[in-house]
Amino acid sequence: MRFSLALVPVDAHIGIGMSVAQGHIGVKMRKKMDDSGLKAALEAARDRYERRQDIDEGLRLAIKAVGTRYKLAKLLGIWPSSVMRWRTVPTDRILEVERVTGISRTKLRPELYT
């Protein structure tokens, strides 16, 4: 997943775009925003995207901890396409994901570690 952020003069059109393998999500606003407003809008767009991906909460937390699925894959030393197919953290990757994200295994897969 690639995020792009364009900063333009305050009174001008502000666009935040997110291109992903499954399509394109865009957030466009025509109002004055400061940097915190831009960051909040980008985070909201990212959250909406992740909710639409039908992934469990543990994987969502892991992705949010590192930023993107691509970064998670690179930290794990695997192909990004592998992580793109995940709907939950695979059992053989739980300990690795816990190590690189700092998210405990009980949050990653609560049905296995309660």
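We did not get these values from a lab; they are worked out from the coordinates using the rules stated. Only a predicted model underlies this, so the values are computations on that prediction, with no experimental measurement involved. Positions of Cβ are generated from backbone atoms using ideal geometry, with glycine treated the same way; all protein chains shown enter the neighbour counts.
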Exercise. If you average 1/r over every pair of different alpha-carbon atoms in the range 57-108 and take one over that average, what Kirkwood value in Å do you get?
Worked result: 10.5 Å
Exercise. Computed FRET efficiency, Cβ-Cβ of K74 and S36, R0 30 Å: what is it to the nearest 0.05?
Worked result: 0.60
